[in-house]
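The values are calculated or read from the model by the stated rules, or taken from the named source; none is laboratory data. Computed from a prediction, not measured in an experiment: that's the story for all the values here. Positions of Cβ are backbone-derived with ideal geometry, glycine not excepted, and every protein chain shown enters the neighbour counts. Accessible surface areas use protein heavy atoms only, side chains included; no ligands, DNA or RNA. Shrake-Rupley method; radii C 1.70, N 1.55, O 1.52, S 1.80 Å.
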Amino acid sequence: MFFMTSFLRQSAWHCMLLLLIAFISGCAATAKQNSHKGKETITILDLTCLLKYDYTNPDSVKKVWDILHATATLQGIVNRDAPRLYIKYVTAMNRNIDDYWWDMYRRPGQWLAGRDTIVLKDIYEAIDHYKYDLKGAVIYDPKVASTSNVASSIAGIENLLALRYDTASGSLYTGVLLKRKLLKPQRWLLKEDGSSIFTAKGIIPGTDIPSSNSIKNDPYLWFIEHYMKKGLCNTAYAGYYIDQKWRDNPTATVINHHTLTNHDFFVSKRGFFFDLSPWDDEPATDDVKQPVGTDYKTLTTILRIAYDQNKGKTFCHIGGFPAWAFKYTKHAGGKHDDVPTEWRFSEIISAYNAFKDADAIGLGAMANASFWTHFPLKDQYPQKWVKDKDLMEKNRLTADGRLTSNGKKYFLFYVGDYDASAWVYQTASYIWDDPDRGKVPMMWSISPILERRAPMALHYFRETATANDYFAAADNGAGYLNPGMLQSPRPISGLPDGTAAWAEHCKKFYHRWDLSITGFIIDGETPRMNAAALDAYATFSPNGIVPQKASYTLHKNMPVFPAGIDVESWNIAAAAGVMHDNIKNNPGRTFYWFRSILKTPAWHWQVVNELKKRDPDTQILDGPSFFQLYRSYLQYKTAE
């Protein structure tokens with residue numbers, strides 16, 4: 001008995017020892033694995049060949065759409081936790097933008113230096129390489145345009161590749177599922193024989209909800225019931241990008257404005273996608289048989305669900321912009337112009353605590369945001385604020401803090417519009433890198449929310465800024481929304497006041513980038529900012545704001561400067577003439593604000609010199625000097 005007991009005890013200790021060794025080995029392996037997280041081999045897929053396809057040929061257009069849509073959903077899934085798949089596609093100003101950023105951060109000492117890479121030959125090899133990250137495919141209906149956006153939503157939520165149903169021998173659908181059998185279908189947004197399940201009649205399939213009588217809207221309503229209401233998607237992120245209707249008119253603007261390459265980030269976040277008209281006074285131009293206002297009703301339903309699930313505290317980050325060249329405006333047979341459509345969409349989303357990261361037409365395409373979002377930012381990027389003694393030394397302030405009577409007319413450029421990740425992504429190579437940058441003061445107005453999708457760009461700007469480069473926030477803070485639509489009583493939504501929540505949202509982004517000026521606030525057709533809104537901005541933008549609807553005033557020591565005029569012409573003489581006329585027609589003023597959009601440093605330098613020739617008393621200021629002098633001016637004006 002003693003021998004048996006001793007043997008059992010020794011066996012038990014032996015087993016425990018083996019388990020302990022296995023546990024330690026497992027921990028070591030896990031630690032080793034975690035130490036290399038984000039350091040695995042990066043795969044590269046070059047898709048620039050798609051830019052050479054014939055966009056007047058419907059079959060070619062289908063191939064472009066299918067490859068890019070599948071790639072974007074694949075990329076969003078595999079890059080969710082680490083930067084693994086990089087594509088090359090977006091081109092601007094005869095330069096591949098994806099190469100530009102890749103080459104920058106492959107340099108010695110940079111983030112991607114020394115990382116191993118594998119070049120994938122095509123989309124099939126990419127899918128095969130990452131097939132174990134995928135749970136299958138979601139198949140959507142080529143005859144019901146909105147199902148492509150629903151497919152992107154489901155792809156991110158369930159780790160599925162989005163594929164358009166097409167049994168033609170050369171289609172991606174056939175190649176992936178039938179010939180190579182790389183994946184299996186897991187979700188169908190049509191019947192397996194290719195017939196549509198959404199018919200705009202009777203009951204929406206799989207629900208007890210009556211059809212909206214809109215073949216476009218029913219798939220969104222189906223998604224709401226099966227995914228949104230069940231809390232299956234991340235309502236803090238959404239993509240407002242054109243659906244597969246793009247295939248009908250791919251050359252309406254630049255050919256990359258299918259914006260499929262923008263999907264990856266929002267897929268990685270398990271967000272939702274939509275493409276709906278903001279107008280409630282006409283049918284959507286892409287679905288003219290729908291009852292008037294159906295798109296609007298679905299849009300506000302989606303936004304309200306997002307608001308509720310975000311508990312009114314987290315703001316929904318919407319990437320995208322009304323696709324005005326294709327839909328919802330006079331360009332497509334509607335009755336509304338482009339800018340009113342932009343403003344209307346902003347008005348609606350603001351009413352539900354959402355903002356847009358405004359990937360507008362022209363420069364709207366962006367790739368690899370799901371990759372770059374992993375870029376390691378610093379905790380803070382400090383800037384210097386001007387001191388009164390500096391202004392006194394330059395004879396701009398007297399010893400007692402008053403403006404000197406030097407006859408100068410001070411002006412400032414709002415250098416924008418950098419309220420879109422895509423615009424920053426595409427323009428850095430020819431605007432920021434302009435060799436004339438630094439010759440005159442420029443207040444670069446960049447939304448700090450862009451750190452989510454283009455962190456490497458914002459980091460690059462700060463690391464290479466000159467003494468004449470100063471940074472403020474673009475419209476209208478950490479994201480583009482209308483602050484007047486946050487105020488109670490709130491039109492459209494009737495929700496509680498969201499002003500305080502907006503201030504809390506903005507503070508952390510302003511803190512990282514050391515921002516204290518909001519260079520422009522677009523009010524559009526929305527209510528003027530009330531005292532509570534001004535109070536809120538004073539907490540995170542204490543050195544100045546520039547609303548469209550405002551008075552020249554100090555609010556709790558925050559300078560409020562009404563927006564001036566846009567200077568649009570690329571012609572130097574014409575641009576300087578517009579500014580000179582504005583100054584001449586307002587002789588009693590000392591301070592002037594001008595907005596330039598996507599203009600180079602060379603343009604600003606030349607315009608400043610030309611204006612100086614016409615009026616030697618005009619003087620451009622940097623952001624801190626402008627607002628600090630303007631504050632002093634208002635302080636003494638009020639005291640008097």
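Worth a mention:
- Of the residues in the range 409-428, none is without any contact (Cβ under 8 Å) to a residue 40 or more places away in the chain and more than 30 Å from HIS263 (Cβ to Cβ).
- Of all residues in the range 268-303, those being touching an Asp or Glu at 6+ places or on another chain (Cβ under 7 Å) and among the hydroxyl-bearing types (Ser, Thr, Tyr) number 2.
- Conditions (1) touching a residue at least 40 places away in the same chain (Cβ under 8 Å); (2) part of a loop (DSSP other than H, G, I, E, B); (3) open to solvent by 50 Å² or more (accessible area, probe 1.4 Å); (4) under 16 Å from THR147 (Cβ atoms): number failed by SER212: (3)
- Screening the candidates LEU377, LEU412, LEU450 for the property of being open to solvent by less than 50 Å² (accessible area, probe 1.4 Å) and assigned to a loop (DSSP other than H, G, I, E, B) yields one hit, LEU377.
- When the range 395-408 is filtered for residues that are surrounded by 11 or more Cβ atoms within 10 Å (Cβ to Cβ) and in contact (Cβ under 8 Å) with a residue 60 or more places away in the chain, the ones remaining, listed by number, are ARG396, LEU397, GLY401, ARG402, LEU403, LYS408.
- Residue in the range 514-530 that is surrounded by the most Cβ atoms within 10 Å (Cβ to Cβ), counting only those that are within 28 Å of ASP469 (Cβ to Cβ) and in contact (Cβ under 8 Å) with a residue 60 or more places away in the chain: GLY519
- Residue match in the range 364-383 (condition: touching a strand residue (DSSP E or B) at 6+ places or on another chain (Cβ under 7 Å) and of a type in the set (D, E, K, R)): no
- Annotation note: of ASN476, ASN482, ASN530, the sole residue that is closer than 30 Å to PRO435 by Cα and of a type in the set (S, T, N, Q) is ASN476.
- Test: THR251 is open to solvent by 10 Å² or more (accessible area, probe 1.4 Å), under 30 Å from ASN94 (Cα atoms), outside any helix (DSSP H, G or I) and not aliphatic (A, V, I, L, M): yes
- Test result for PRO322, modelled with pLDDT of 95 or more, open to solvent by less than 10 Å² (accessible area, probe 1.4 Å) and either farther than 27 Å from LYS507 by Cβ or part of a strand (DSSP E or B) (or both): yes
- Put simply, of TYR430, TYR418 the only residue that is out of contact with any Leu (no Cβ under 9 Å at 6 or more places or on another chain) and closer than 20 Å to HIS604 by Cα is TYR430.
- LYS378 meets the stated requirement of being touching a residue at least 40 places away in the same chain (Cβ under 8 Å) and out of contact with any helix residue (DSSP H, G or I) (no Cβ under 7 Å at 6 or more places or on another chain).
- Just one of the numbered conditions (1) in contact with a helix residue (DSSP H, G or I) (Cβ under 8 Å, 6 or more places away or on another chain); (2) surrounded by fewer than 19 Cβ atoms within 10 Å (Cβ to Cβ) is not true of SER625: (2).
- Within the range 217-246, residues that are of a type in the set (Lys, Arg) sit with their Cβ atoms under 8 Å from residues that are outside any helix (DSSP H, G or I), at 6+ positions apart or across chains, in these pairs: LYS245/ALA145; LYS245/ASP275; LYS245/ASP286; LYS245/PHE326; LYS245/LYS327.
- Looking only at the range 115-139, and only at residues there that are open to solvent by less than 50 Å² (accessible area, probe 1.4 Å) and in contact with a strand residue (DSSP E or B) (Cβ under 6 Å, 6 or more places away or on another chain), the one that is farthest from ALA72 (Cα to Cα): ARG115
- If the condition is being surrounded by 14 or more Cβ atoms within 10 Å (Cβ to Cβ) and more than 22 Å from the chain's Cα centre (by Cα), then the range 70-109 contributes only ARG106.
- Enumeration of residues in the range 216-232 that are of a type outside the set (Phe, Trp, Tyr) and buried (at least 24 other Cβ atoms within 10 Å of the Cβ): LYS216, ASN217, ASP218, PRO219
- Annotation: TYR237 fulfils all but one of (1) within 24 Å of GLU347 (Cα to Cα); (2) over 23 Å from the mean Cα position of the chain (by Cα); (3) open to solvent by 10 Å² or more (accessible area, probe 1.4 Å); the unmet one is (2).
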